[in-house]
Amino acid sequence: DTEVTQTPKHLVMGMTNKKSLKCEQHMGHRAMYWYKQKAKKPPELMFVYSYEKLSINESVPSRFSPECPNSSLLNLHLHALQPEDSALYLCASSQEPGGGSRTQYFGPGTRLTVL
Amino acid sequence: QKEVEQDPGPLSVPEGAIVSLNCTYSNSAFQYFMWYRQYSRKGPELLMYTYSSGNKEDGRFTAQVDKSSKYISLFIRDSQPSDSATYLCAMSERDTGFQKLVFGTGTRLLVSP
């Protein structure tokens, strides 16, 4: 099973709200990723967690705060977002080194609209 | 110059046609090459994965990697309307515990019945 799940599927929030996106995988993958994707553009990497430690932060504004509570879960906490943050937010995971396939499996995404 | 170049399309073909999708890249350190299919408003779905050079076939799909030319291709045989989607190529360097993918811009494919 190569499934990554994300909740919620859709989210509408005001600029003063605080919300969280959730991602879960049960493939035993030890690297998890957050991407942002705007219409007609490829996914843009935001954060990478490897073995539950933040490995990459691609200069993402502090209004986005990632969290990795355990090896299966990844959260993205949102606060004081701007309308230009409206996008599809994708979670992905990949297998640890030496485990064979080294590629990323994506979840279905959360479509975020900031009013 | 972008690290990965991909024609954005759209590419329109009739049902049953053979489709050829391509990407070129400039980073000779890339070793892992992927093709993802993305339907509108959905997450990317892994179609093909290739390590280093060579061909790989899976049903109607064939992926080719030519590292000497820095060129990768995805062929779709007997294309179906359900193949209408955006196809993203992606590639990465050596895996060091996680994988930093570099994507092409995506090619939009339209298969008409």
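What lysines could a cross-link reach from residue A:53, if we take a straight Cα to Cα line under 27 Å and drop same-chain neighbours fewer than 8 places away?
Cα-Cα hits under 27 Å: A:9, A:18, A:19, A:22, A:36, A:38, B:100.
Please give the per residue accessible area of segment B:1-105, computed with a probe of 1.4 Å over protein heavy atoms only, in Å². Walk me through the intermediate numbers first.
On the way: 5010 Å² over 105 residues.
That works out to 48 Å² per residue.
Scale the Cα Rg of segment B:28-69 by the rule-of-thumb value 2.2 N^0.38 Å and send over the ratio, two decimals. Before the final figure, lay out each step's value.
Details: Rg = 11.8 Å, N = 42, 2.2 N^0.38 = 9.1 Å.
With N residues counted in segment B:28-69, Rg over 2.2 N^0.38 Å equals 1.30.
Please work out the ratio of the alpha-carbon Rg of segment B:32-113 to 2.2 N^0.38 Å and round it to two decimals. Don't skip to the end; give the middle numbers.
Working: Rg = 13.1 Å, N = 82, 2.2 N^0.38 = 11.7 Å.
Taking the Cα Rg and dividing by 2.2 N^0.38 Å, one obtains 1.12.
Ignoring everything but the protein chains, give the 1.4 Å probe accessible area of residue A:79 in square angstrom, nearest 10.
Near enough 90 Å² of accessible area.
For q = 0.14, 0.18, 0.21 Å⁻¹, what log10 I(q)/I(0) does segment B:1-79 give under the Debye formula with an equal point scatterer on each alpha carbon and no solvent?
-0.49, -0.81, -1.07
On the first, second and third principal axes, largest extent first, how far apart are the outermost C-alpha atoms of segment A:1-56 in Å?
That works out to 35, 23, 21 Å along the principal axes.
Leaving out ligands and nucleic acids, note down the accessible area per residue over chain A with a 1.4 angstrom probe, in whole Å². Could the numbers behind the result be given before it?
Working: 5520 Å² over 115 residues.
On a per-residue basis, 48 Å².
Would you mind telling me the share, in percent, of accessible area of chain B contributed by carbon and sulfur at probe 1.4 angstrom?
On the way: 2540 of 5400 Å².
In chain B, the share of accessible area belonging to carbon and sulfur is 47 percent.
Counting protein heavy atoms only and a 1.4 angstrom probe, how many square angstrom of accessible surface do chains A and B bury in total, to the nearest 100? Intermediate values should be presented prior to the final figure.
On the way: alone 6450 and 6360 Å², together 10920 Å².
Buried: approximately 1900 Å² between B and A.
Taking just the alpha-carbon atoms of chain A, what radius of gyration and Dmax come out, in angstrom?
Both quantities, over Cα of chain A: 13.6, 45 Å.
Could you look at chain A and say what percent of its accessible area is carbon and sulfur, using a 1.4 Å probe and all protein chains? List each step's numbers first, then the result.
Working: 2730 of 5520 Å².
About 49 percent, which is the carbon plus sulfur part of the accessible surface.
Projecting each Cα onto the charge dipole of the protein assembly as shown (Lys/Arg +1, Asp/Glu -1 at the beta carbon, about the Cα centre), which of A:73, A:86, B:98 comes out farthest on the positive side?
Sorting the options by dipole projection puts first A:86.
Excluding residues on the same chain fewer than 8 positions from residue B:67, give the aspartates and glutamates whose Cα lies under 16 Å from its Cα.
B:3, B:5, B:93
Hey, any idea what the orientation-averaged projected area of the convex hull of the protein assembly as shown's Cα atoms comes to, in nm²? It would help to have the intermediate numbers written out before the result.
Details: hull surface 50.2 nm².
So the mean shadow area of the Cα hull is 12.5 nm².
If you place +1 on the Cβ of every Lys and Arg and -1 on the Cβ of every Asp and Glu, how big does the dipole about the Cα centre of segment A:1-84 come out, in debye to the nearest 20? Walk me through the numbers on the way to the answer.
Details: 11 positive and 8 negative charges, 65 e Å.
I would put it at about 320 debye.
The values are calculated or read from the model by the stated rules, or taken from the named source; none is laboratory data. What you see is a predicted model, and the numbers here were worked out from it, not measured in a lab. Cβ sites come from the backbone with ideal geometry, for glycine too, and all protein chains shown count toward neighbours. To get the accessible areas, we keep the full protein, side chains included, count just its heavy atoms, and leave off ligands, DNA and RNA. Shrake-Rupley method; radii C 1.70, N 1.55, O 1.52, S 1.80 Å.
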